[in-house]
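S.K.: The structure is given below, and queries will be raised subsequently.
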Amino acid sequence: MTCGFFVELEAARDQETSVERVLDEALPMVRAEHATAAWFAVRFRRFHYGIFDVFPDETARESHRAGYVAQALAARRSLFARAPVFHAVEVLAYKLPPTTMLPRDQKALFVRMTPQTGREYDLEAFVRSTRMIVDAEPDTTAWLGLKFENGDFGFFDAFPSGRALRKHLFGQAPRELVKHYRLFGKVPRLAMMDVRAEAFAE
């Protein structure tokens, strides 16, 4: 995988159920996109949702952006407090399941990091190296090491349960994050989310 999207969604007041229905309805269409390697619809907090998805190349990413999900979001503009915000990301490293996992993931974690000036390459190397840690975590279903267009970096992890998420939070990866604090220009931002829907290429 080389690239992806992080899409920010903010539901209009009293429209959360309708937004969640749109995300649920998108699932079979995403599964039909064989070049979409992984797709996650998540709920950050009240009114705030997001989509994380990854692709093998730019052609697949642009095909998805012109596909069903983007069209459904545009057609239902009235459900949102503001237009969905698409962030193109580079996938630096990843862990994805070899086949569709059961049970479905319930929880997710998103960490966004701003590099200290002059430490961008060091932080990128750290993000890539974290793959070795999560590979050894059987309860971490999926993991993405990301680079954003503005120079920020990030991690996205998906878990089958809250217990698996807590196990990760008390594991080696967060300890390595603390050990590398000199690489950050500001304190990393962390969000724990509910996974509304997910799809993996078979």
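The values are calculated or read from the model by the stated rules, or taken from the named source; none is laboratory data. Since we're looking at a predicted model, the values are computed, not measured. Backbone-built Cβ (ideal geometry, glycine too); neighbour counts: all protein chains shown. The accessibility values were calculated without ligands, DNA or RNA, using every heavy atom of the protein model including side chains. Shrake-Rupley method; radii C 1.70, N 1.55, O 1.52, S 1.80 Å.
S.K.: For Ala75, work out the one condition from (1) under 22 Å from Glu16 (Cβ atoms); (2) touching a Phe, Trp or Tyr at 6+ places or on another chain (Cβ under 8 Å); (3) not polar (S, T, N, Q) it doesn't fulfil.
M.R.: (2)
S.K.: Against the conditions (1) in a helix (DSSP H, G or I); (2) closer than 24 Å to Pro56 by Cβ; (3) of a type in the set (A, V, I, L, M), where does Ala173 fall short? Just the number, please.
M.R.: Just one mismatch for Ala173, condition (2).
S.K.: Quick one: would you say Val89 is among the hydrophobic types (A, V, I, L, M, F, W, C) and surrounded by fewer than 13 Cβ atoms within 10 Å (Cβ to Cβ)? Please lay out each step first, then the result.
M.R.: Numbers: among the hydrophobic types (A, V, I, L, M, F, W, C): yes; surrounded by fewer than 13 Cβ atoms within 10 Å (Cβ to Cβ): no.
No, not satisfied.
S.K.: Residues of segment 14-32 being closer than 16 Å to Ser78 by Cβ and not in a helix (DSSP H, G or I), which ones?
M.R.: Asp14, Gln15, listed by residue number.
S.K.: How about segment 96-135: which of its residues are assigned to a loop (DSSP other than H, G, I, E, B), at pLDDT 95 or above, open to solvent by 50 Å² or more (accessible area, probe 1.4 Å) and on the phi < 0 side of the Ramachandran plot?
M.R.: Gln106, Gln116, Thr117, Arg119
S.K.: Take segment 156-196 and flag every residue that is in contact with a helix residue (DSSP H, G or I) (Cβ under 6 Å, 6 or more places away or on another chain), more than 18 Å from Lys95 (Cα to Cα) and open to solvent by less than 40 Å² (accessible area, probe 1.4 Å).
M.R.: Going through segment 156-196, the residues in contact with a helix residue (DSSP H, G or I) (Cβ under 6 Å, 6 or more places away or on another chain) turn out to be 159, 172-173, 180, 183, 196.
Remaining after also requiring more than 18 Å from Lys95 (Cα to Cα): 180, 183, 196.
Scanning segment 156-196 gives a single hit, Leu183.
S.K.: While we're looking at this one, here's another question. From the list Arg104, Arg65, Arg13, which one is within 30 Å of Phe170 (Cα to Cα) and among the charged types (D, E, K, R)?
M.R.: Unique residue meeting the criteria: Arg104.
S.K.: Of all residues in segment 138-155 being in contact with a strand residue (DSSP E or B) (Cβ under 8 Å, 6 or more places away or on another chain) and farther than 15 Å from Pro188 by Cβ, which is surrounded by the fewest Cβ atoms within 10 Å (Cβ to Cβ)? Give the steps one after another, and end with the answer.
M.R.: Narrowing segment 138-155 to residues in contact with a strand residue (DSSP E or B) (Cβ under 8 Å, 6 or more places away or on another chain): 139-149, 151-155.
Then keep just the ones that are farther than 15 Å from Pro188 by Cβ; that gives 139-144, 149.
Values: Asp139: 14, Thr140: 23, Thr141: 25, Ala142: 24, Trp143: 23, Leu144: 28, Glu149: 9.
Checked segment 138-155; the qualifying residue surrounded by the fewest Cβ atoms within 10 Å (Cβ to Cβ) is Glu149.
S.K.: Here's a check for you: in segment 19-67, which residue that is of a type in the set (S, T, N, Q) and surrounded by fewer than 15 Cβ atoms within 10 Å (Cβ to Cβ) is nearest to Ala83 (Cα to Cα)?
M.R.: Narrowing segment 19-67 to residues of a type in the set (S, T, N, Q): 36, 59, 63.
From what's left, surrounded by fewer than 15 Cβ atoms within 10 Å (Cβ to Cβ): 59, 63.
Details: Thr59: 24, Ser63: 20 Å.
Restricting to residues being of a type in the set (S, T, N, Q) and surrounded by fewer than 15 Cβ atoms within 10 Å (Cβ to Cβ), the top hit is Ser63.
S.K.: With the requirement that a residue be touching a helix residue (DSSP H, G or I) at 6+ places or on another chain (Cβ under 7 Å) and open to solvent by 50 Å² or more (accessible area, probe 1.4 Å), what does segment 68-82 give you?
M.R.: Across segment 68-82, the qualifying residues are Tyr68, Arg76.
S.K.: I'm told Pro84 meets every condition in (1) in contact with an Asp or Glu (Cβ under 7 Å, 6 or more places away or on another chain); (2) closer than 26 Å to Arg175 by Cβ; (3) touching a residue at least 60 places away in the same chain (Cβ under 8 Å) except one. Can you identify the failing condition by its number?
M.R.: (2)
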